[in-house]
Structures are given as C-alpha cells and as structure tokens.
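Report on the following structure.
The values are calculated or read from the model by the stated rules, or taken from the named source; none is laboratory data. These figures come from a predicted structure and were not determined experimentally. Neighbour counts run over all protein chains shown; Cβ positions are idealised from the backbone, glycine included. When the accessible area is computed, the model is the full protein with side chains, heavy atoms only, and any ligands, DNA or RNA have been set aside. Shrake-Rupley method; radii C 1.70, N 1.55, O 1.52, S 1.80 Å.
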Amino acid sequence: QVHLVESGGGLVQAGGSLRLSCAPSGRTFKSYAMGWFRQAPGKEREFVAGISWRGDSTLYAESVKGRFTISRDTAKDTVYLQMNSLKPEDTAVYYCAANWGVPLTSPNEYDYWGKGTQVTVSS
C-alpha cells in the first residue's frame, strides 16, 4: 500500500535544477513532519531535508545546505524539494517520508514512505 507518491525526478546536467514533489495517497499527512532522503547505488539511505508539520522549522544535511530547499503546501498536502546547483554526487533515488513528530534525520524514525523518484545528474 503506497502512502506517499514522489514525482519530478529526471536527468539533468550539473549546475541544473529540479523540483521534487511528494503527495499523499489515500490519507492526509498534514499533521506529520516530512523528510526527504536519498539512496545511491551501494550506499545507505541518507537524510537530505526535513520540515515540521507547520512548515516553520526546517533541517538540512550539510551536503545540500544552500542548494536545496524543502517546503510544504498545506492546502495541497504536498511537500517539495527544490534542488539547485545540482552535482553528480546528488545522483540517487529520492524518497519522501512522514513522521508523527518532529523532522528527524534517521530513516528509522519515519513511519510512511514513498517508492522514490530517480534523480540523475550528469557531469
């Protein structure tokens, strides 16, 4: 059963931009903190960004600070990840996740996940 659906991934050249979206499927996540994670081949899933349920608090991994922006539209119950100045090392499958609580960096703390969207950055 899919609870979250990511979209917006694709192939982009280094220095380019993409905006990922995460929308609910079958239920609402308006009261949940949301996070974006990514997983590259052969690597563990890592935290990218998180946002509180009100949208007034955000958290970023050091590797994406200043380049990525997480936001949410409560009316649409959708979370976004704006990715600018993309680098080849940003290539990964990106997942969104929901946590009943505050945005946390450990994937083990999240209750619901999407299936992911592929982001590929060419050099």
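Since only A98, P24, G66 are under comparison, the one whose Cα sits farthest along the positive direction of the charge dipole of the chain, derived from C-beta charges on Lys, Arg, Asp and Glu, is P24. Per residue, the stretch 22-123 exposes 50 Å² of solvent-accessible protein surface, assessed with a 1.4 angstrom probe and all protein chains in place.
Its Cα centre serving as origin, the chain has a Cβ charge dipole (Lys and Arg +1, Asp and Glu -1) of approximately 200 debye. Applying 0.36 nm per residue to the separation of A61 and S106 and subtracting their alpha-carbon distance, the gain on full extension is 15.1 nm.
Couplings 3J(HN,Hα) for the stretch 31-37, derived from phi with the Karplus relation 6.51 cos²θ - 1.76 cosθ + 1.60 (θ = phi - 60°), are 9, 9, 6, 10, x, 10, 10 Hz, where x marks Gly and Pro.
Along the axis of the charge dipole computed for the chain (Cβ charges of +1 for Lys and Arg, -1 for Asp and Glu, origin at the Cα centre), the listed residues Y112, W53, G9 are led at the positive end by G9. Across the accessible surface of the chain, with the other protein chains kept in place and a 1.4 Å probe, carbon and sulfur atoms take up 47 percent.
Of the residues R72, R27, ranked by 1.4 Å probe accessible area with the largest first, the sequence reads R27, R72.
Between A75 and R27, the simple label model (points 7 Å from Cα in the Cβ direction) yields a spacing of 2.6 nm.
Protein chains only, probe 1.4 Å: how do T69, T91 rank by accessible area, largest first? Present the calculation step by step, with values, prior to reporting the outcome.
On the way: T69 70, T91 40 Å².
In descending accessible area the options line up as T69, T91.
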